[in-house]
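Worksheet: one structure, shown below.
The values are calculated or read from the model by the stated rules, or taken from the named source; none is laboratory data. Keep in mind that what you see is a predicted model, and the values were worked out from it rather than measured. Cβ sites come from the backbone with ideal geometry, for glycine too, and all protein chains shown count toward neighbours. Protein only, heavy atoms only, side chains kept; ligands, DNA and RNA dropped before computing areas. Shrake-Rupley method; radii C 1.70, N 1.55, O 1.52, S 1.80 Å.
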Amino acid sequence: MTPEEEVQRQSTMTSERGPSTGDPTLRRRIEPWEFCISYDPKELCKETCLLYEIKWGTSWKIWRSSGKNTTNHVEVNFIEKFMSERHFHSSISCSITWFLSWSPCWECSQAIREFLSRHPGVTLVIYVARLFQHMDRQNRQGLRDLVNSGVTIQIMRASEYYHCWRNFVNYPPGEEAHWPRYPPLWMMLYALELHCIILGLPPCLKISRRWQNRLTFFRLHLQNCHYQMIPQHILFATGLIQPPVTWR
């Protein structure tokens, strides 16, 4: 069963339930319109939203909350809040998962690496809806440095959108199955560009915006190095190349 099929199965099973009024995370949930605007891959909004989960040691409990930019970027706000509220021994393990509407800039990438170096028991997984100024060399290097430091970075897929909708959004009762279903191709294009960044390849994805009619255009410019270095299953998923056919 594919992740998309599993998402559909779960949403069908529980589509009549909304967040329980006794849910301790209810006051920390964001509104549906906030989620849709912040995490739409084609909306190039300025605000960055962070939805996060924290799990300590072997405990099954997961702490969930959200954050936005202030005078600092949301990643720095999280780190400062985490450092001020938590004083724990370096031997204690902690798993953190971020769902970011934009990938970290190079300065935030550096701050994240410094934070993790001071807390070796912390692991971080980052899911992003969009790549922030991905043509900028410093931003690309920042993401590579994060990956080389052990941080997992992935583009959000349908399963992550559904997970966020269920666990972070104050959706109305009966609306659990109405999480936003963005075209998979947009996610694949961002995933393709993220592979280029991690592999140290030149950009292959160009994004432009026509503000008059609010249209976003994705354009690919692939070079030989892209075809040679990017994993074939990524190229197959975007339809850029076709799998070989064996004739008998």
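Brief remarks follow.
- Among the residues here, residue 31 qualifies as touching a residue at least 40 places away in the same chain (Cβ under 8 Å), over 23 Å from residue 216 (Cα atoms), over 16 Å from the mean Cα position of the chain (by Cα) and open to solvent by 30 Å² or more (accessible area, probe 1.4 Å).
- When residue 125 is tested against (1) of a type in the set (A, V, I, L, M, F, W, C); (2) more than 19 Å from the chain's Cα centre (by Cα); (3) at pLDDT 95 or above, just one condition goes unmet, and that condition is (2).
- Of all residues in segment 168-189, those that are farther than 24 Å from residue 44 by Cβ have Cβ atoms under 6 Å from Cβ atoms of residues that are polar (S, T, N, Q), 6 or more apart or on another chain, in 176/11; 176/14; 176/15; 177/11; 177/15.
- Tabulated pairs, segment 141-164, first touching a residue at least 40 places away in the same chain (Cβ under 8 Å) and over 26 Å from residue 36 (Cβ atoms), second open to solvent by less than 10 Å² (accessible area, probe 1.4 Å) and not acidic (Asp, Glu), C-beta under 8 angstrom, 6+ apart or interchain: 144/197; 146/104; 146/109; 146/112; 146/126
- Subset tally (residues that are at pLDDT below 85, outside any loop (DSSP other than H, G, I, E, B) and surrounded by fewer than 17 Cβ atoms within 10 Å (Cβ to Cβ)) for segment 168-216: 6
- Yes/no for residue 53 being open to solvent by less than 40 Å² (accessible area, probe 1.4 Å), modelled with pLDDT of 90 or more and touching a Lys or Arg at 6+ places or on another chain (Cβ under 6 Å): yes
- Counted residues, segment 56-65 - those being open to solvent by less than 60 Å² (accessible area, probe 1.4 Å) and charged (D, E, K, R): 1
- Remark: residue 163 matches the filter, which requires a residue to be open to solvent by 30 Å² or more (accessible area, probe 1.4 Å), of a type outside the set (Asp, Glu) and closer than 15 Å to residue 126 by Cβ.
- Residue 228 falls short on exactly one of the conditions (1) more than 20 Å from residue 44 (Cβ to Cβ); (2) surrounded by 13 or more Cβ atoms within 10 Å (Cβ to Cβ), and that condition is (2).
- Residues in segment 66-85 that are in contact with a strand residue (DSSP E or B) (Cβ under 8 Å, 6 or more places away or on another chain) and either open to solvent by 30 Å² or more (accessible area, probe 1.4 Å) or touching a residue at least 40 places away in the same chain (Cβ under 8 Å) (or both): 66, 68, 77, 81.
- Among the residues making up segment 144-155, those that are touching a Lys or Arg at 6+ places or on another chain (Cβ under 9 Å) and surrounded by 15 or more Cβ atoms within 10 Å (Cβ to Cβ) are 145, 146, 151, 155.
- Among the conditions (1) under 13 Å from residue 200 (Cα atoms); (2) among the charged types (D, E, K, R); (3) touching an Asp or Glu at 6+ places or on another chain (Cβ under 8 Å), the only one that residue 113 does not satisfy is (1).
- Given (1) of a type outside the set (A, V, I, L, M, F, W, C); (2) modelled with pLDDT under 90; (3) under 18 Å from the mean Cα position of the chain (by Cα), number of the condition residue 97 does not satisfy: (2)
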